[in-house]
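Report on the following structure.
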Amino acid sequence: MKGVSLLKTDSHSYWMEEAFREAEKAYHKGEIPVGALVVLNNQVIGRGHNQREALNDPTAHAEVLAITAAANHVEDWRLTDTTLYVTLEPCPMCAGAILNARVPRVVFGADDLDHGACGGATQLCTGKFLNHKVDIIGGILEAKCKGILDSFFKNKRASK
């Protein structure tokens, strides 16, 4: 994927496992299984999983919920020095939230070639005219993150 680092480290895998647990919560609630967390100084300060159906809210993506929780935790909308871990590459809306919150690093599991805005379908986080740039690392626990999504949609199609 152009412009996306594929650097993989043990700590990224550790935090992605935590984000995956959030995705499992979404899966069991019948939501698209995406999980996210915001980490600051080696501590989780915000978590989220998709809740669009439960909240009847098109903006209730895992990333937005995790960013909101983190901002409330630090009592500031600026999330400098944090890392957002998410099991699926963020969409354009979530990329906007990442930029607005000044999140400096996003680590994701599965790429999204249809809707991803961090190098998959488009790249919104590293444009040369932006006042904030985001370091993007993709492919962490990719097979596991894709697997839960594949399972969810396979089950959804089978139940129709």
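Worth a mention:
- The DSSP beta bridges internal to segment 82-160 are antiparallel in roughly 10% of cases.
- On full extension, the segment bounded by Arg52 and His73 gains 5.3 nm, given 0.36 nm per residue less the C-alpha separation.
- DSSP assigns beta bridges within segment 1-137; of those with both partners inside it, close to 55 percent run antiparallel.
- Radius, Kirkwood style, for segment 13-127 when every pair of distinct Cα atoms is counted (Å): 13.6
- Accessible area per residue for segment 11-106 is 45 Å², calculated with a 1.4 Å probe on protein heavy atoms, without ligands, DNA or RNA.
- All other residues whose Cβ lies under 14 angstrom from that of Ala95 are scored, Lys and Arg at +1 and Asp and Glu at -1, for a net of -2.
- GNM flexibility winner over the chain from Asp135, Asp76, Asp112 (Cα, springs under 10 Å): Asp76
- Rounded FRET efficiency, nearest 0.05, which uses the C-beta distance separating Asp150 from Asn100 and R0 of 25 Å: 0.20
- Annotation for segment 59-128: trypsin sites (Lys or Arg not before Pro) lying in DSSP loop with at most 11 further Cβ atoms inside 10 Å of their Cβ are Lys128.
- Within the chain, helix-based [θ] at 222 nm, where runs of 4 or more DSSP H residues each add -39,500 (n - 2.57), nearest 500: -12000 deg cm²/dmol
- Pair-distance distribution of segment 121-160: all C-alpha pairs, bin width 10 Å, starting at 0; shares per bin in whole percent are 23, 27, 27, 18, 4.
- Positive-end ranking of Ala70, Gly96, Gly46 along the dipole of segment 1-106, with charges on Cβ about the Cα centre, is headed by Gly96.
- Cα-based Rg and Dmax for segment 99-138, where Dmax is the largest Cα-Cα distance (Å): 9.9, 27
- Ligands, DNA and RNA left out, the 1.4 Å accessible surface of the chain is 51% carbon and sulfur atoms.
The values are calculated or read from the model by the stated rules, or taken from the named source; none is laboratory data. Only a predicted model underlies this, so the values are computations on that prediction, with no experimental measurement involved. Glycine gets a Cβ as well: all are built from the backbone with ideal geometry, and neighbour counts include every protein chain shown. All accessible areas refer to the heavy atoms of the entire protein, side chains included, with ligands and DNA or RNA removed. Shrake-Rupley method; radii C 1.70, N 1.55, O 1.52, S 1.80 Å.
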